[in-house]
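Q: Okay, here's the structure, questions in a sec.
Rule-based calculations on the coordinates, nothing more; no lab input. Since we're looking at a predicted model, the values are computed, not measured. Counting neighbours? That spans all protein chains shown, and the Cβs are built from the backbone with ideal geometry, glycine included.
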């Protein structure tokens, strides 16, 4: 009972700060996504493809969450966008207060999109609102098509599910149909996109969705 009480207090405080973040985003007209996946699914590669293709008319900043190192932040910075690295020192997820602190290092004026690349984990990040507008879960064909039923909360809270590494379909035991069937049992309203972040296939559909979402 004591553990449950402490967890509720932590989540309540997190939600309060997330609401503050959301108000800041609203004041500046910024569309915010929380990019989620297990480690190695291709979040950073997708982000690189997005930054390379979206065009100079859309202003993007990135908050990078990782357990250790700033490798992903350095990769993103190559695209000349504002980026802040959060190193959690072993923490398995980002929390709203960490995002709030990161915002002080970003010029929010004229920003269109903020991408929060969360720590690679399909469990803990599902519980924490960061103030984002949409949660995007990225799953890769190399992980197996049963991920939605193994990690149901992540797919329940997600707005969009991107299936990555479709270029590897001939070489892996993965059924897109089975994966989607499992996912829609949990979240019937989930939007699906099929891409290869490595080759670029399908990335234009993702960028189109992002640009349309700016009208939120």
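Q: With label points built 7 Å along Cα→Cβ from the Cα atoms of residue 201 and residue 26, find their separation and express it in nm.
A: Placing both labels 7 Å along Cα→Cβ, they lie 4.2 nm apart.
Q: Express in nm, to one decimal, how much length is gained between residue 185 and residue 109 on full extension, taking 0.36 nm for each residue of separation and deducting their alpha carbon distance.
A: Working it through step by step, the gained length comes to 23.3 nm.
Q: On to the next question. Once both labels are modelled 7 Å past Cα along the beta-carbon direction, what's the residue 169-residue 87 spacing in nm?
A: If labels sit at residue 169 and residue 87, their model points lie 4.0 nm apart.
Q: Take the alpha-carbon centre of segment 17-67, take the same for segment 143-167, and report the distance between them in whole Å.
A: 19 Å
Q: Gaussian network model of the chain, Cα springs within a sub-10 Å range: biggest mean-square fluctuation belongs to which of 190, 35, 138?
A: For the chain, modelled as a Gaussian network with Cα springs under 10 Å, the answer is 190.
Q: Go from 0 up to the bin containing the longest alpha carbon distance in segment 2-213, width 10 Å each, and give me the % of pairs per bin.
A: 8, 35, 38, 16, 2, 0
Q: To the nearest 0.05, what FRET efficiency results for residue 142 and residue 212 with a Förster distance of 35 Å applied to their C-beta separation?
A: 0.75
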